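The values are calculated or read from the model by the stated rules, or taken from the named source; none is laboratory data. Since the structure is predicted, the reported quantities are computational estimates derived from the model, not experimental observations. Every residue, glycine as well, gets a Cβ built from its backbone with ideal geometry; the counts of neighbours run over all protein chains shown. Side chains are part of the model used for accessible areas, which takes the heavy atoms of the whole protein and leaves out ligands, DNA and RNA. Shrake-Rupley method; radii C 1.70, N 1.55, O 1.52, S 1.80 Å.
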Amino acid sequence: MEDERGDRWKIWLRVRALGQRKVDVARDLGYRDGGGILQILKRLEARAAVEKTSRDKKQKYESLLSSVES
């Protein structure tokens, strides 16, 4: 399960941090369009709203991103 979530966080980072288009990430991963990627992002963010482990991971990545951007 952790590997699956790890892959999902990689997708989140590609879209949110690198600004890659969802459709481009989807094509790289063999999806037909960006809809699957959008659902992954929505589920990760919903899980982070209620699950401490996911929330901590999201906050860690966001803080790393904000330090890189400034």
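Under 16 Å of direct C-alpha separation, and excluding same-chain neighbours fewer than eight residues apart, Lys57 reaches these lysines: Lys10, Lys42.
Pairwise Cα distances in segment 26-70 exceed 17 Å in 49 percent of cases. Taking each DSSP H run with n ≥ 4 as -39500 (n - 2.57) and averaging over every residue of the chain yields -26000 deg cm²/dmol at 222 nm. Computed on the chain, with alpha-carbon pairs under 8 angstrom and 6+ residues apart, the relative contact order is 22 percent. Phi angles of segment 32-38 translate, via the Karplus equation with coefficients 6.51, -1.76, 1.60 and θ = phi - 60°, into HN-Hα couplings of 6, 8, x, x, x, 5, 4 Hz per residue; Gly and Pro are given as x.
Among the trypsin sites (Lys or Arg not before Pro) in segment 6-47, those located in a DSSP loop and surrounded by at most 15 other Cβ atoms within 10 Å of their own Cβ are Arg21, Arg32. Summed over the residues of the chain and divided among them, the accessible surface reaches 70 Å² per residue at a probe radius of 1.4 Å.
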